[in-house]
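Derivation of every value follows stated rules applied to the coordinates shown; laboratory data play no part. Computed from a prediction, not measured in an experiment: that's the story for all the values here. Glycine also receives a Cβ, built like all others from the backbone with ideal geometry; neighbour counts cover every protein chain displayed.
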Amino acid sequence: MDKDITILAIESSCDETAASVVVNGRDVLSNVISSQIDIHTLYGGVVPEIASRKHTERINQVVKKGLSEAGKTLQDMDAIAVTYGPGLVGPLLIGVSEAKALSFATGIPLIGVHHIEGHISANYIANKDLEPPFACLVVSGGHTHLVLVKDYGEYEILGRTQDDAAGEAFDKVAREIGLGYPGGPKIDKVSKEGNPAAIDFPRGKVAGSRYDFSFSGMKSSVLNYLNTCKMKNIEISVPDVAASFQQAVVDVLVSHAMWAVEEFHLTKFALAGGVASNTALRAAMEKACAERGVEFFCPPPILCTDNAAMIGSAAYYEYIKGVRSGLDLNAKPGLRLGER
Amino acid sequence: MRILAIEASGPVAGCALWEDGTLTAEYSVQYKKKHSQSLVPMLSEMSGMVDLELSSIDFIAVTKGPGSFTGLRIGAATVKGLGLALNKPVLPVPTVDSLACNLYGTDRLICPLMDARRQQVYTGIYENRDGLKVLRPQCVVALAEIVKELNTLGREVIFVGDGVPVSEKALAETMEVPYLLAPAHLNRQRAASTAVRAAQLYEECGEAALVSADDFRPEYLRVPQAERERGDKRNYKVFV
């Protein structure tokens, strides 16, 4: 392609209002993220109505900052990209409505992007040479997907969680042991002082489905352990519980990922999503990949958390394939990967 | 002066173009609640139909609330996107005032009723004989409260709004003054009424009636449920 393709991307699927300008899917000119975490911490989790209100209040400022930090104007854009699912419907609608109005008022083409496709594409930004095929584990507060990336925009979901997302399980356990919200980073931190082998929590399996995940049983076994200790008046070591639970989750994620790498003879493996920032998971996955001679990719934390740069990257590969969305684009909270 | 008006606060998705006192176009759809899909295509079709040069509008009028939380936000985010792209300000119109503007030239009181769920209505009391007078500003109350106030005022009333069908039985039982129910072409939110009201507000207040698209935010008249319940935990007396 002789001309650079510059895309304005908007993301508002959960509690981050974000905008970014990305060139050719790989070069990030700006990556503005306005987090609401302080507000939702008061409630121990994301409250959709409050998130929707905050997105509405901040969206224009975030989009303007995204453009100005990139040194660009709206008129410089070749496309406007927006996350339209999956996610919380109220928050999604803000980004989608804003993007559609921008597209209508300027005539710039609109591209609806799948949120998980965005997370996977964060790896293209962090690693300029990465190209499909590879396997990607997307782990966040809302998603746990093991995906075979066959080509740009072409995916096969090998496994997904049957109940809680990995990050959701972290949040719930963190709440039970008094660490509070958000659970992932807090468990990661306190686990460094604990013994990951102190308590042998079960490693969740899904009968008849090798690649699927189940974290709710693992979470329940932590709750049972805590209750038993309480009844028997045994003092609980929060770092040990956190480290042992984290180890159980990491073991499950790594073993599933490596089965995929082996079965499909892959030479590249990538992590993505908010939980990809977990230091124990990164280290274990890197080690497992190294042992198998597999190249390991993981975006920096700023591209693991919900952000719009990843949406701009995913949108680029849709753009060059000729994909465009109509002004009737709707938010789809249950959108499946590969569906349009 | 050229006003583009947007309506998404209730069961109607709508847009209108007002030019120096002429209603050039109005597009109004009350069909399931899919404003998220229909509103921008409606805007696009209407604009194309009347060769509207978007950059020529003076401001964007929108019903700022109360209404369906989601509907208000679809309207707000659409207006904000338009305002950002076109560099135009927003004129927020109270939703209940806009509904009252559906009627004109009557000595009767006008009482819009919007279904607010939880046995409440978004309402207000108005006169619009030869210019809108707000007797009771828009609020969220139990139907019985507004009926009591209307009975005390003792004047004939016209009810409008999507809260009328659900309140019809209660009105028949409790209203002590004669009343009328507005017919179909007058009894729902209309972007045209919002445009007319916006023009009046701009004439009365000038630039002070406008806000930037960046700063515009809906007026919900209600706090989120989670916030209310959190308040409950801290102080049981407040929301009993």
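Data overview
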{"read-out": "Chain A, helix-only ellipticity at 222 nm - DSSP H runs n ≥ 4, -39,500 (n - 2.57), divided by all residues, nearest 500", "value": "-14000 deg cm²/dmol"}
{"read-out": "Cα shape, the protein assembly as shown, gyration tensor, a/c 1.5 rule", "value": "oblate"}
{"read-out": "Kyte-Doolittle mean at least 0.5 and Cα axial length at least 27 Å: DSSP H helices in chain A", "value": "A:238-263"}
{"read-out": "Relative contact order of chain A, defined on C-alpha pairs under 8 angstrom at six or more residues apart (%)", "value": "25 percent"}
{"read-out": "Centre separation in Å (Cα based) which lies between segment A:48-64 and segment B:214-230", "value": "12 Å"}
{"read-out": "Range of Cα positions in segment A:84-200 per principal axis (Å), largest first", "value": "59, 34, 27"}
{"read-out": "For the protein assembly as shown, size of Cβ-based charge dipole, Lys and Arg +1, Asp and Glu -1, in debye", "value": "1200 debye"}
{"read-out": "Antiparallel DSSP beta bridges within the protein assembly as shown, percent to nearest 5", "value": "60 percent"}
{"read-out": "Distance-filtered residues of segment B:139-174 - backbone nitrogen under 12 Å, label point 7 angstrom along B:Gln119 Cα→Cβ", "value": "B:142-145"}
{"read-out": "Exercise: per-residue mean of other protein chain Cβ atoms within 10 Å, A:43-56", "value": "4"}
{"read-out": "Where only alpha carbons of segment A:44-149 are counted, the Rg and the Dmax (Å)", "value": "15.6, 42"}
{"read-out": "Highest to lowest packing among A:206-213, B:57-64, A:187-194, scored as the average C-beta count within 10 Å", "value": "B:57-64, A:187-194, A:206-213"}
{"read-out": "Relative packing of peptides A:286-292, A:117-123 - highest average C-beta neighbours within 10 Å first", "value": "A:117-123, A:286-292"}
{"read-out": "Test item: A:88-101 mean partner chain Cβ contacts at 10 Å", "value": "6"}
{"read-out": "Value in Å of the Kirkwood radius, where segment A:1-98 supplies the Cα pairs that are averaged", "value": "13.7 Å"}
{"read-out": "Highest average packing first - B:41-51, B:152-162, Cβ atoms within 10 Å", "value": "B:152-162, B:41-51"}
{"read-out": "Rg and Dmax of chain A, Cα atoms only, in Å", "value": "20.1, 71"}
{"read-out": "More than 16 angstrom apart: percent of Cα pairs within segment A:252-340", "value": "66 percent"}
{"read-out": "Of the DSSP H helices in chain B, those whose Cα atoms cover at least 30 Å axially and whose Kyte score averages -1.0 or more", "value": "none"}
{"read-out": "Per residue convex hull volume, Cα atoms of segment A:132-299, in Å³", "value": "104 Å³"}
{"read-out": "Shielding of B:82-95 by partner chains, average beta-carbon count, 10 Å", "value": "3"}
{"read-out": "Cα centroid of segment A:230-246 to Cα centroid of segment A:68-124, whole Å", "value": "44 Å"}
{"read-out": "Total formal charge among the other residues, if their Cβ is under 14 angstrom from that of B:Asp20, Lys/Arg +1 and Asp/Glu -1", "value": "-2"}
{"read-out": "Part-to-part distance (alpha-carbon centres) for segment B:85-132 and segment A:272-340, which is given in Å", "value": "46 Å"}
